[in-house]
Structures are given as structure tokens and as C-alpha cells.
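Novice: Sharing a structure below in C-alpha cells format, with a few things to ask.
The values are calculated or read from the model by the stated rules, or taken from the named source; none is laboratory data. Since this is a predicted model, take the numbers as computed values, not measurements. Neighbour counts are summed over all protein chains in view; Cβ atoms, including those assigned to glycine, are modelled from backbone coordinates with ideal geometry. Only protein heavy atoms, including side chains, enter the accessible area calculation; ligands, DNA and RNA are left aside. Shrake-Rupley method; radii C 1.70, N 1.55, O 1.52, S 1.80 Å.
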Amino acid sequence: MLTIPGGRLAQQQAHLRPALDAAVQRVVDRAVYTPDVEVAHFEAEFAQYIGMRHAIAVASGGAAVMLALRAVGVN
């Protein structure tokens, strides 16, 4: 029987914890829970990270697939 170990997100994200906590705290402090400056900032940083001019954040994997299909002309 093949055993596949579970995810170890806590260990994988340990080095990111201070930045993640700070980002969550900024959102909570502003009390704005709809896409605004935090999302725009993430999109800009992610686009730069992947070497593209633009990136678009979406709410789910399904939304991402739908957007990608529309981008290539599949309606």
C-alpha cells in the first residue's frame, strides 16, 4: 500500500509567518474586505515575480480556469 504524506503547510510557511501575519493585520485594521489596495499590491508584485506586465487575482481555481479559457477565446 502506498502512503502519501499529508501536507505540511505550517512547516512550509514558517518563514513566511511574520509577513503573512502583517498582511492579515493590515486588512483587519483597515476593515475593508473587498479587493482594494492589498489585492492591487499583490497583483503587481506577483506579475513582477513571474516576469509579466499584469496579473489578475481571482477568488478560486474555478474562476482562474474560466478566466484563462476566456483569454484564449473559449466561451
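Novice: Which one is modelled with the lowest pLDDT, of the residues in the range 19-44 that are part of a loop (DSSP other than H, G, I, E, B), under 15 Å from the mean Cα position of the chain (by Cα) and surrounded by 11 or more Cβ atoms within 10 Å (Cβ to Cβ)?
Specialist: Among those that are part of a loop (DSSP other than H, G, I, E, B), under 15 Å from the mean Cα position of the chain (by Cα) and surrounded by 11 or more Cβ atoms within 10 Å (Cβ to Cβ), it is Pro35.
Novice: Still on this model: Does His15 count as open to solvent by 60 Å² or more (accessible area, probe 1.4 Å) and in contact with a helix residue (DSSP H, G or I) (Cβ under 8 Å, 6 or more places away or on another chain)?
Specialist: Considered against the rule, which asks whether it is open to solvent by 60 Å² or more (accessible area, probe 1.4 Å) and in contact with a helix residue (DSSP H, G or I) (Cβ under 8 Å, 6 or more places away or on another chain), His15 comes out as no.
Novice: Scan the range 45-59 residue by residue and report those that are open to solvent by 60 Å² or more (accessible area, probe 1.4 Å) and within 15 Å of the chain's Cα centre (by Cα).
Specialist: Glu45, Phe46, Gln48, Tyr49, Ile50, His54, Ile56, Val58, Ala59
Novice: Quick one: count up the residues across the range 60-75 that are assigned to a helix (DSSP H, G or I) and either open to solvent by 90 Å² or more (accessible area, probe 1.4 Å) or farther than 30 Å from Gln25 by Cβ (or both).
Specialist: Residues flagged as assigned to a helix (DSSP H, G or I) and either open to solvent by 90 Å² or more (accessible area, probe 1.4 Å) or farther than 30 Å from Gln25 by Cβ (or both) within the range 60-75 amount to 6.
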